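Please treat every number below as a calculation from the coordinates, not as lab data. The structure displayed is predicted, hence computed values, not measured ones. No Cβ is skipped: glycine too gets one built from the backbone with ideal geometry, and neighbour counts run over all protein chains shown.
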Amino acid sequence: MPKVKTAFITGASRGIGRAIAKKFAESGIKVTCTSRTVKDLEKIVSEIEENDGTALAAPIDVSEMTAFEEAVKKSAEKFGSVDVLVNNAGIVKDNLLLRMKEGDWDSVIDVNLKGCFNGIKAVTPHMMKNRFGRIINITSVSGMMGNPGQANYSAAKAGIIGLTKTVARELASRNITVNAIAPGYIDTDMTTDLSDKMREEMIKQIPLGRTGKTEEIAATALFLTSDEAAYITGQTIAVNGGLYM
Ligand code: NDP
């Protein structure tokens, strides 16, 4: 079983994706970092390089299939393979169903769910050729338990769980595992909009009594790339302080 050498990580400029890129790079994995914002990508790539890691910036919008495929091709050419895909890029456009605009439904599905489909389509030929691959999709506790105001987001995230199980079944014979991580409430830009009161209320629901750290999601992702995780596929691993069990 080859130890993984390369990873393609979407939404790697901030939050959870950034923590995953840093942790992977510290473990010697060459990482391709994507997001839509070139300036942010340059920053994470230079941070990784300053710490003796190897990183490549790939500015793409994950909802665009051709751009995704091109970026994966470039990454494979530069690093020799794409051993791991982390489909992490995500957005929220919250509103109660009655007020939710069609455009906000479409864009959240396009980025969060179609983005994962695009990523899997783009890496699969490379992984099949190598007869090895690890695909990690970042879903959410919202996709498992629902959350008022997040009809679009929770539908996309629940969709990711179904996608993970189906693709895990389709690719198992090629030695490609496909798993999802479902974070609970993690401190990132995505969650800073909550008021102090909402935050307090949320923490009350978490048995471990605190929010999660991006590094805790990154550690789970790193585990899924390890030789020790070779027999895990089609699973959704909840990292949520017990918020949903
Ligand atoms: P952030 O908002 O902090 O970061 C999101 C990242 O995705 C950024 O790098 C952003 O860069 C990138 N991104 C957004 N849209 C696109 C796009 N269309 N194409 C390419 N890149 C894009 O989010 P988090 O780190 O909090 O979330 C990461 C993942 O974890 C998401 O899938 C989210 O749903 C999930 N999650 C987060 C939780 C939390 O509590 N924070 C809880 C559960 C799940 P840019 O905008 O420059 O493109």
- [ ] Could you let me know the centre-to-centre spacing of segment 59-136 and segment 209-245, using Cα atoms, in angstrom?
- [x] 20 Å
- [ ] Evaluate 2.2 N^0.38 Å with N set to the residue count of segment 109-245, then give the Cα radius of gyration divided by it.
- [x] 1.10
Task: Taking the chain and dividing mean pair separation by its residue count, relative contact order in percent (alpha carbons under 8 Å, at least six apart) - done: 20 percent
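Stretched out fully, how many nm does the piece from SER195 to LYS129 gain, at 0.36 nm a residue minus the Cα gap?
This chain segment gains 18.9 nm when fully extended.
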TODO: Give the value in nm², to one decimal: projected area of the alpha carbon convex hull of segment 109-178, averaged over all directions.
DONE: 4.3 nm²
Task: Within segment 210-245, backbone nitrogen closer than 13 Å to the virtual label 7 Å beyond the Cα of ALA172 toward Cβ - done: 231-235
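Enter the per residue convex hull volume of the chain, computed from alpha-carbon coordinates, in Å³ rounded to the nearest integer.
121 Å³
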Task: Shape parameters for segment 7-121, alpha-carbon atoms, Rg then Dmax in Å - done: 14.7, 50
Task: Cα gyration tensor of segment 204-245 - equivalent ellipsoid semi-axes, whole Å, descending - done: 24, 12, 6
Open item on the list: Highest mean first, how do 25-34, 128-137, 192-201 rank when packing is the count of other Cβ atoms within 10 Å averaged over residues?
Closed with: 25-34, 128-137, 192-201
- [ ] Compute the distribution of all C-alpha to C-alpha distances in segment 152-209, in bins of 5 Å from 0, and list the percent of pairs in each, rounded to whole numbers.
- [x] 4, 15, 17, 17, 15, 12, 9, 7, 4, 1
Task: Kirkwood hydrodynamic radius (C-alpha pairs) into Stokes-Einstein, segment 8-54, 37 °C and 0.692 mPa s, D in µm²/s - done: 327 µm²/s
Open item on the list: Rg over Rh of segment 175-245, using C-alpha atoms and the Kirkwood radius, what does it come to?
Closed with: 1.06
Task: Degrees between helix 38-50 axis and first principal axis of the chain (Cα, 0 to 90, nearest 10) - done: 60 degrees
Task: Surface/4 of the Cα convex hull for segment 65-173, nm² - done: 7.0 nm²
Task: the chain, helix-only ellipticity at 222 nm - DSSP H runs n ≥ 4, -39,500 (n - 2.57), divided by all residues, nearest 500 - done: -14000 deg cm²/dmol
- [ ] Enter the angle in degrees (range 0 to 90, nearest 10) between the Cα long axis of helix 65-79 and the first principal axis of the Cα atoms of the chain, meaning the one along which they spread out most.
- [x] 50 degrees
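Show me the ranking of peptides 11-21, 148-158 by mean Cβ neighbours inside 10 Å, starting with the highest.
Listed from highest to lowest mean packing, they are 11-21, 148-158.
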Open item on the list: Per-residue counts of other Cβ atoms within 10 Å, averaged by peptide: what ranking do you get for 47-53, 88-94, 221-227, highest first?
Closed with: 88-94, 221-227, 47-53
TODO: Would you mind checking the pairs LYS78/LYS114; LYS93/LYS197; LYS74/LYS213; LYS3/LYS39 and listing those with alpha carbons more than 24 angstrom apart?
DONE: LYS78/LYS114; LYS74/LYS213; LYS3/LYS39
